[in-house]
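Right, one structure below, let's go through it.
The values are calculated or read from the model by the stated rules, or taken from the named source; none is laboratory data. Worth saying up front: this structure is predicted, and the values here are computed from it rather than measured. Don't worry about glycine lacking a Cβ; one is built from the backbone with ideal geometry, like all the others, and counts go over all protein chains shown.
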Amino acid sequence: MALKVGILGAGHMGHVHANILSKDNRVQIVGVVDILPNKRDELANRIGSKSFPDLVDWGILMRFEKGRIATLSSSGHASWQIPTERVELVGDHSTLITEELDNVIYSKGLRQSSISMDFSQLPYEEKWGYVQENDWFLNTILNEAEPAFSVIDGLRIVQLIEGCYKSVESGKTISLKQEMKE
């Protein structure tokens, strides 16, 4: 029985993953998600899958039980200058910024030096780890390798994502305290 997989993003990365996964008989690609209808429809049609819309610009504000606050935001297509996608994770005066994985900037906190790493000269297969990531993921799901994260970690991630969708749909703050209990 094939593992059902969705492709998130019909840009360059989505095409690379789709090309790799569509040749793997352990996988059935069940959908392509992207904000740009033409791009997602073209990729979905090419691999014989369905097409779904997506939010490309988003922000999440999280307040933890002990009072700490963290934000996670992404803005794809905010600019057509490379890097076009940037993700920032901010919390407790620390910041982690990725710019399409070409550049990673990390600040440990107030009055601390920032660490900046430039990966732009590496071949994208090495920098992004497409083949290795897909193979690791499939081997883990098919019980050929130990998972890097526990089932509870996976549950927490799904609960967080569902909470984000509920917040977007309702326009209200969502508390995950009750849902996050084991």
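Computed quantities for the displayed model
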{"read-out": "Residue in the range 74-87 that is at pLDDT 85 or above, within 30 Å of residue 24 (Cα to Cα) and either under 16 Å from the mean Cα position of the chain (by Cα) or not small (Gly, Ala, Ser) (or both) present", "value": "no"}
{"read-out": "Selection from the range 7-44 of residues that are within 14 Å of residue 130 (Cα to Cα), out of contact with any Ser or Thr (no Cβ under 8 Å at 6 or more places or on another chain) and in a strand (DSSP E or B)", "value": "8"}
{"read-out": "Elements of type helices (runs of 4 or more DSSP H) in the range 103-182, at least 1 residues being surrounded by 11 or more Cβ atoms within 10 Å (Cβ to Cβ) and touching a helix residue (DSSP H, G or I) at 6+ places or on another chain (Cβ under 9 Å)", "value": "124-128, 130-141"}
{"read-out": "Which listed residue is in contact with a His (Cβ under 7 Å, 6 or more places away or on another chain), hydrophobic (A, V, I, L, M, F, W, C) and at pLDDT 80 or above, from 96, 110", "value": "110"}
{"read-out": "Residues being surrounded by fewer than 14 Cβ atoms within 10 Å (Cβ to Cβ), more than 27 Å from residue 1 (Cβ to Cβ) and either at pLDDT 85 or above or of a type in the set (Lys, Arg) (or both) - total across the range 18-66", "value": "4"}
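Residues are listed down the side, and each one gets a yes or a no for (1) without any contact (Cβ under 8 Å) to a residue 60 or more places away in the chain; (2) under 26 Å from residue 4 (Cα atoms); (3) of a type in the set (A, V, I, L, M, F, W, C); (4) out of contact with any Phe, Trp or Tyr (no Cβ under 7 Å at 6 or more places or on another chain):
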site	(1), (2), (3), (4)
132	yes, yes, no, yes
136	yes, yes, yes, yes
154	yes, yes, no, yes
164	no, yes, yes, yes
